[in-house]
1. How high is the FRET efficiency from residue 255 to residue 14, r the C-beta distance, R0 35 Å, rounded to 0.05?
2. Per-residue counts of other Cβ atoms within 10 Å, averaged by peptide: what ranking do you get for 259-267, 168-176, 233-241, highest first?
3. Can you tell me the order of 217-230, 48-61 when each peptide is scored by its average per-residue count of other Cβ atoms within 10 angstrom, highest first?
4. So between residue 280 and residue 52, what do we pick up on full extension, going 0.36 nm a residue minus the alpha carbon distance?
5. Let me have the 222 nm mean residue ellipticity of the chain computed from DSSP H runs of 4+ only, each contributing -39500 (n - 2.57), with the sum over all residues rounded to the nearest 500.
6. Using only alpha carbon pairs under 8 Å that are at least six residues apart, calculate the relative contact order of region 21-280 and give it in whole percent.
7. Who wins for biggest fluctuation among 178, 106, 258 in a Gaussian network model of the chain, springs between alpha carbons below 10 Å?
8. Tell me, what is the FRET efficiency for residue 113 and residue 82 to the nearest 0.05, using R0 = 22 angstrom and their Cβ-Cβ distance as r?
């Protein structure tokens, strides 16, 4: 039976976005992201891309200045900020919330000062000891993603007896830590971290069983766009050619109760959501 997205409760995720499944558009301003590295390095190109994504149906823009895919290297926060701040300033009045994809507290603070309103941390605020304090002080919404280790070590840590149960338990610990730091539960969205410290079969198993994560009582963001497991399932080695597989996995995530999808291909995903919503009523 198809499941509709769960109610998101109080806080930003209830008030600040439509109740329908929503789209977070990926806007990487990095030279080395796995599928679009270098496409938006020029701030003017990135700003134009952000406006186009909004016109195509993006509800949130997620701007990132550091690649965190498996095997990537650490980027100094000053370099990260030099990449993202001009783009945030160019898009802060574009009409949708801006999320900053970072694990560095200094970058979080600078991005919020520049006009970002959401923090999206792939380490669930574990990488930088000051990150939770920044989020709590600003009172901003935050997305806590599940990952083990670092981009350099995560693949070696993809060992689970039951991936859904263990990811949920580790996210529950992250949620508790955030609450202890003064972050209101209603400001938190959770992300299972598909492909981060997870093999392709583990990613599939986790998508099939998001129930333990829903039990934590927070809305779920799911990011499957162009990821390696889609290439493995669909036989497509080129990330930018994985649109069909990305849409199939995105709609499947909606059927498992995802509230938001993080995607590269906004227009196609928006169309898929409209059709899925019409068919499911």
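Throughout, read-outs are computed from the coordinates displayed, never taken from laboratory work. Note that the structure is a prediction, hence the values are computed from the model and not measured. Cβ sites come from the backbone with ideal geometry, for glycine too, and all protein chains shown count toward neighbours.
1. Numbers: r = 22 Å, r/R0 = 0.63.
Efficiency at R0 = 35 Å is approximately 0.95.
2. Values: 259-267: 24.0, 168-176: 17.7, 233-241: 13.2.
Going by the mean number of other Cβ atoms within 10 Å, highest first, we get 259-267, 168-176, 233-241.
3. Ranked by mean Cβ neighbours within 10 Å, highest first: 217-230, 48-61.
4. Details: separation 228, 0.36 × 228 = 82.08 nm, distance 2.83 nm.
Additional length available on full extension: 79.3 nm.
5. -12500 deg cm²/dmol
6. Contact order relative to length: 18 percent.
7. Comparing 178, 106, 258 in a Gaussian network model of the chain, the most mobile one is 106.
8. In this case the efficiency is close to 0.90.
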